1. Collect the residues in the range 45-61 that are in contact with a Gly (Cβ under 9 Å, 6 or more places away or on another chain) and more than 12 Å from Leu33 (Cα to Cα), keeping them in residue-number order.
2. For the structure I just gave you, tell me whether Glu68 is surrounded by fewer than 13 Cβ atoms within 10 Å (Cβ to Cβ), at pLDDT below 95 and of a type in the set (D, E, K, R).
3. Return the residues of the range 47-65 that are more than 18 Å from Thr8 (Cβ to Cβ) and of a type outside the set (S, T, N, Q); say none if nothing qualifies.
4. Among the residues of the range 36-45, write down those that are surrounded by 17 or more Cβ atoms within 10 Å (Cβ to Cβ) and in a helix (DSSP H, G or I).
5. Any idea which of Arg76, Arg57 is out of contact with any helix residue (DSSP H, G or I) (no Cβ under 7 Å at 6 or more places or on another chain) and among the charged types (D, E, K, R)?
6. Kindly indicate the residue of the range 79-105 that is of a type in the set (D, E, K, R) and within 16 Å of the chain's Cα centre (by Cα) and also nearest to Val65 (Cα to Cα) among those meeting that condition.
7. Within the range 19-31, how many residues are buried (at least 16 other Cβ atoms within 10 Å of the Cβ) and in contact with a helix residue (DSSP H, G or I) (Cβ under 9 Å, 6 or more places away or on another chain)?
8. State all residues of the range 19-35 that are assigned to a helix (DSSP H, G or I) and either touching a residue at least 60 places away in the same chain (Cβ under 8 Å) or among the aromatic types (Phe, Trp, Tyr) (or both); if no residue qualifies, say none.
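The values are calculated or read from the model by the stated rules, or taken from the named source; none is laboratory data. Computed from a predicted model, the values in this text were never measured in an experiment. Positions of Cβ are backbone-derived with ideal geometry, glycine not excepted, and every protein chain shown enters the neighbour counts.
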Amino acid sequence: MATDRAVTQLRRGVLEYCVLALLSDEERYGYDLVVELSAAGLVASEGTIYPLLSRLRKDELVSTVWRESPTGPPRRYYALTRHGRAVLDDFVRSWTTFKLSVDHILTREAQK
């Protein structure tokens, strides 16, 4: 179905920024991000998030630190960098304008 394809493309396009937004208030470990993004319906598996986190780290949008876990092996925690914050802020401004434009078109079309 065309709608399923469109939603999949939209998810892919915004997933990186959703991860940055989740890291904007506090550092988190990978599985915590997977759980929250899955609950929001944005990812279906861990296999989507870890390559993305690796790319975000390589692009210096997030930093990482290993911490001991009280329940198992050490965990890698991710935190937003200053550059990541700037990229997220730019996206939020662009998203707001983009969303309003799309809503305007969709609302106009629905009124016909």
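1. The initial filter retains those residues of the range 45-61 that are in contact with a Gly (Cβ under 9 Å, 6 or more places away or on another chain), namely 46, 49-50, 53, 56, 59-61.
Of everything in the range 45-61, those that are in contact with a Gly (Cβ under 9 Å, 6 or more places away or on another chain) and more than 12 Å from Leu33 (Cα to Cα) turn out to be Leu56, Asp59, Glu60, Leu61.
2. Numbers: surrounded by fewer than 13 Cβ atoms within 10 Å (Cβ to Cβ): yes; at pLDDT below 95: yes; of a type in the set (D, E, K, R): yes.
Yes: the conditions hold for Glu68.
3. Pass one, the range 47-65, residues more than 18 Å from Thr8 (Cβ to Cβ): 50, 53-65.
Residues satisfying the conditions are Tyr50, Leu53, Arg55, Leu56, Arg57, Lys58, Asp59, Glu60, Leu61, Val62, Val65.
4. Of the residues in the range 36-45, the ones surrounded by 17 or more Cβ atoms within 10 Å (Cβ to Cβ) are 37, 42-43.
Passing the criteria: only Leu37.
5. On the way: Arg76 fails: out of contact with any helix residue (DSSP H, G or I) (no Cβ under 7 Å at 6 or more places or on another chain).
Testing whether each residue is out of contact with any helix residue (DSSP H, G or I) (no Cβ under 7 Å at 6 or more places or on another chain) and among the charged types (D, E, K, R) leaves just Arg57.
6. If we filter the range 79-105 for residues that are of a type in the set (D, E, K, R), which is where we start, we get 82, 85, 89-90, 93, 99, 103.
From what is left, the residues that are within 16 Å of the chain's Cα centre (by Cα) are 85, 89-90, 93.
Numbers: Arg85: 18, Asp89: 23, Asp90: 26, Arg93: 29 Å.
Looking at residues that are of a type in the set (D, E, K, R) and within 16 Å of the chain's Cα centre (by Cα), I get Arg85.
7. Matching residues across the range 19-31 total 6.
8. Here is the first cut: in the range 19-35, the ones assigned to a helix (DSSP H, G or I) are 19-22, 30-35.
Once the filter is applied, which keeps residues that are assigned to a helix (DSSP H, G or I) and either touching a residue at least 60 places away in the same chain (Cβ under 8 Å) or among the aromatic types (Phe, Trp, Tyr) (or both), the range 19-35 yields Leu20, Ala21, Tyr31.
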